[in-house]
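Taking it in order: structure first as structure tokens, then the write-up.
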Amino acid sequence: MKDRDQERIDRHRPRVVEELNGLSGLMDNAADDSQPVQLDQQSVGRLARMDAMQRQAMASETQRRRQHRRLQLLRTLTRMDEDEFGYCTNCGEEIPDGRLEIDPAFHLCVKCAE
């Protein structure tokens, strides 16, 4: 491995691990929010139930997006461990530092991402 590649990994790994840890905490805290809404006609009117169902749907989508991001970050850590970080998974070209500064989970160069 080149020194430059290791320096890039050392610079970005803490960001990836920190975001991954933050996501895990958010996902754990929000797990109950995406559970199905219970039908209780005595205490909840139709509109309140619809609101609860909408909140449940939004929480489920948020969890889905967090899970997707978590998988992206885990794949990034795998690429770091396999010395493939910073290179396009499609064409093999080096991904510019500026692109990785925006998001270290980017795995495609600009040309392949178009």
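Taking the criterion of being closer than 13 Å to His12 by Cβ and among the acidic types (Asp, Glu), the only residue of the range 85-100 that qualifies is Asp97.
Inside the range 59-107, can you point out the residues that are without any contact (Cβ under 8 Å) to a residue 12 or more places away in the chain, more than 17 Å from the chain's Cα centre (by Cα) and part of a helix (DSSP H, G or I)? Quick ask: steps written out before the conclusion?
Filtering the range 59-107 down to residues without any contact (Cβ under 8 Å) to a residue 12 or more places away in the chain leaves 61, 64-65, 68, 71, 78, 81-82, 84, 87, 92, 98-99, 101-103, 106.
Filter again for more than 17 Å from the chain's Cα centre (by Cα), leaving 81-82, 84, 87, 92, 98.
Hits for the range 59-107 are Asp81, Gly98.
Within the range 56-114, can you find the residues that are within 29 Å of Ala30 (Cβ to Cβ), surrounded by 13 or more Cβ atoms within 10 Å (Cβ to Cβ) and among the small types (Gly, Ala, Ser)? Scanning the range 56-114 gives Ala59, Ser60, Ala105. Give the residue that is modelled with the lowest pLDDT, with candidates limited to residues of the range 1-58 that are part of a loop (DSSP other than H, G, I, E, B), farther than 23 Å from Glu94 by Cβ and of a type outside the set (A, V, I, L, M). Per the stated criteria, the residue is Ser43.
The values are calculated or read from the model by the stated rules, or taken from the named source; none is laboratory data. Here the structure is a predicted model, which means the values were calculated and not measured. So basically every Cβ, Gly included, is an ideal-geometry build from the backbone, and we count neighbours across all protein chains shown.
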